[in-house]
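Have a look at the structure below before the remarks.
The values are calculated or read from the model by the stated rules, or taken from the named source; none is laboratory data. Owing to the predicted nature of the structure, the values given are computational and were not obtained by experimental measurement. Using ideal geometry, Cβ is built from the backbone for each residue, glycine included, and neighbour counts are taken over all protein chains shown. Just so you know, the surface numbers come from the protein's heavy atoms only, side chains and all, with ligands and any DNA or RNA stripped out. Shrake-Rupley method; radii C 1.70, N 1.55, O 1.52, S 1.80 Å.
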Amino acid sequence: MKFFVDTAEIDDIKELAATGLLDGVTTNPSLIAKSGRDFMEVTKEICGLVDGPVSAEVVALDHDTMMKEAEVLRKIADNVCIKVPLTVDGLKTCKALTEDGTMVNVTLCFSANQALLAAKAGATFISPFVGRHDDNGFDGMDLIEDIRLIYDNYGFETEILVASVRHVTHVLESAKIGADVMTAPPKVIHGLFKHVLTDKGIEGFLADWEKTGQSIL
Ligand code: E4P
């Protein structure tokens, strides 16, 4: 499963990129606003930090303007992935862009039927929002299971990008289901490394090593 980080904070991206485990980045208008940075400038900087896809979202609601915005965004770097909302105009834009060889991430997916439409429109990624789904009384992971089943039934190549990830269990469940990608805030990715017994084990080994009076270097 590929790991994307869901942020527009440069320091967080640099730190995770240095682990060698980061496969891409997702942003959205809220994350750009939170960063306080200029959209074009920060997106360009992020594209230079990772080799994989960097999702940059259009803000227009109609197809023609979405295409114009996408034209501007895809000039930023080769690894820009245009993010469009799951609407009729968004999927029209998705079809036009992917036919032209541009990566597209279809965002704000909350049903398996919507995911089916995105795959038919040739989406590179579909982003089902599991956390927001859970918040509204549904089970986000059931949605991922349904989409995996449907995509496998028909051999769709659209990658399932689990989004709105809130905790490490979302990551574990996504991997068990066979999602292709997950995008999570930096805090959740850092949480994946942690286990109390790892910390306790290191503490014990170091205490015993100290007693030997030896050094490796
Ligand atoms: C994904 O691409 C979105 O940016 C993101 O996962 C939304 O998550 P949220 O529900 O925490 O805002």
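Annotations
- Test: residue in the range 103-111 that is modelled with pLDDT of 95 or more, farther than 14 Å from Met182 by Cβ, over 20 Å from the mean Cα position of the chain (by Cα) and among the hydroxyl-bearing types (Ser, Thr, Tyr): no
- Top-ranked residue in the range 1-37 [being out of contact with any Pro (no Cβ under 6 Å at 6 or more places or on another chain) and among the charged types (D, E, K, R); ranked as nearest to Gly178 (Cα to Cα)]: Lys2
- The set of residues from the range 162-217 being more than 16 Å from the ligand (Cβ to nearest atom) and touching a Leu at 6+ places or on another chain (Cβ under 6 Å) is empty.
- Test: residue in the range 183-202 that is under 24 Å from Gly101 (Cα atoms), outside any helix (DSSP H, G or I), in contact (Cβ under 8 Å) with a residue 40 or more places away in the chain and open to solvent by less than 60 Å² (accessible area, probe 1.4 Å): yes
- Some residue of the range 32-39 being more than 17 Å from Gly101 (Cα to Cα) and part of a strand (DSSP E or B): no
- Filter result (over 14 Å from Val5 (Cα atoms), in contact (Cβ under 8 Å) with a residue 24 or more places away in the chain and β-branched (Val, Ile, Thr)) within the range 161-182: Ile177
- Candidates Asp23, Asp62 - the one that is in contact with a Lys or Arg (Cβ under 9 Å, 6 or more places away or on another chain) and of a type outside the set (Gly, Ala, Ser): Asp23
- Condition met for Asn136 (within 16 Å of the ligand (Cβ to nearest atom) and over 20 Å from Gly52 (Cβ atoms)): yes
- Among the residues making up the range 19-34, those that are within 14 Å of the ligand (Cβ to nearest atom) and aliphatic (A, V, I, L, M) are Val25, Leu31, Ile32, Ala33.
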